[in-house]
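Step one of this worksheet: look at the structure below.
Here, each number is a calculation from the coordinates, and none is a lab measurement. Remember, it's a predicted structure, so these values are computed and weren't measured experimentally. Here the Cβ is made from the backbone with ideal geometry for all residues, glycine too, and neighbour counts use every protein chain on show.
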Amino acid sequence: MKTIKTKQDLAINGAAPAFEEPLHVGCPNIGSREGFLKYAGEIFDRRWLTNNGPLVQEFEQRVAEYHNVTHCVAMCSGTVALEIAIRALGLEGEVIIPSYTFIATAHALHWQAITPVFADIDPATHTLDPDAVRSMITPRTTGIIGVHLWGRSAPVEALQAIADEYGLKLMFDAAHAFGCSYRGTMVGSFGACEVLSFHATKFFNTFEGGAVLTNDDKLADAMRLMRNFGFSGMDNVIHPGTNGKMIEVAAAMGLVNLDAITSVIEANKHNFQAYHEGLSGLSGISLLTFDESELNNYQYVVMVVDEKCPVTRDQIFQSLHAENILARKYFWPGCHKMKPYVDLYPHADLLLPNTCQVADRVIILPTGTAVNSNMIQAVISVIQTYISG
Ligand SMILES: *Cc1c(COP(=O)(O)O)cnc(C)c1O
């Protein structure tokens, strides 16, 4: 790594890139290797690889405790957890979601012949705008899925009030919000249920995995049946179902990552503060900040480039990539611009002005335990030099 001094030294002008190896967004946060291998040894000794094994049970209990919620139902991915939660809640017809989210929120509905209806977001928070949700309700609407984007809670009370008023089910995609709180309550207890993702790139991972958190005993029972083909006992199927089970080796990763969670939050928080200091004062550049009165996981460093910036978001993005800093344009251009939704709603842009604006302005910067202060200073230096050089 070298320090960048002038605009002529930027890789975009043919100089060597700042990073020899690519610097990724979402490089996994991994706990103790020895701890994991010890668990792996136990799995081999027991020969109990899947089907609600002891590590999955321990993992579910610890994740539920961490979020102060009655049930954690662990699954093989966040997407399957979303699909099962959606089905267990009996959603059908139309369900209102933001377009500014990862495509899985929409796909989990469409995959089950439910129509996702996109409502606009609040440009200040990047989460659903309750008035926009209200305006998208039709006689076919059965539910709302709020997304706690970047770990910041969706407007929980306002969405619950709308759901109550119209008799709709409310659930949350909490894929980004492991360990986050809203008004002092941990994510997991809002709406009918909340879905976590433990994908490798997320704040907290089990290689691949996900879970539904809920305080509803009946809903949890139904989801436990659904993730295991509806089996109740050896030869008795009492519910339709699929294969959504978490495997033991995934739970082992989850358990060592739970042990490491405090240090991951510290690293992320430190990284966020370094970015915040380094990028403050650059015209047209701002970072989405965190409410320090809440618990945050600081996993997403969200840089917003507005019209006051002398260069465009895409120009900054290209200059970062030229330096091997693989920043991401999450979640550009919005689900409504992707198949199959772009065909369903060719004119959705007209109803989603804030979504389009935010999607055109955001760059996600690399953080996590694999990223240190020196790397962050180099990223900041590229951005500073590119904008002001
Ligand atoms: C990652 C993600 C998902 C899907 O989770 P997987 O575990 O990758 O299936 C769903 N919603 C959002 C907002 C996500 O970021």
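For the reader, a short list of remarks on this structure follows.
- When the convex hull of its Cα atoms is viewed from all sides, region 207-267 shows a mean projected area of 5.6 nm².
- Our summary gives the chain a relative contact order of 24 percent, counting only alpha carbon pairs under 8 angstrom and 6 or more residues apart.
- Pair-distance profile P(r), taking every C-alpha pair of region 33-258, with 10 angstrom steps and integer %: 9, 34, 35, 17, 5, 1
- Anchor Lys337: lysines whose Cα lies under 29 Å away (excluding residues fewer than 8 positions away in-chain): Lys169, Lys202, Lys308, Lys329
- Taking other Cβ atoms within 10 Å as a rough exposure proxy, Glu20, Glu323 sort from fewest to most as Glu20, Glu323.
- With Cα atoms, 0 to 90° folded angle of helix 373-388 axis to the chain main axis: 60 degrees
- Ranked by the mean number of other Cβ atoms within 10 Å per residue, highest first, peptides 210-216, 267-273, 380-386 order as 210-216, 380-386, 267-273.
- Take the Cα of Phe229, step 7 Å toward its Cβ, do the same at Ala161, and the gap between the two points is 4.8 nm.
- If both residues of a DSSP beta bridge must be in region 17-149, then about 10% of such bridges are antiparallel.
- Once the convex hull of all Cα atoms in the chain is built, its volume per residue stands at 141 Å³.
- Antiparallel content of DSSP bridges confined to the chain, in %, to 5: 55 percent
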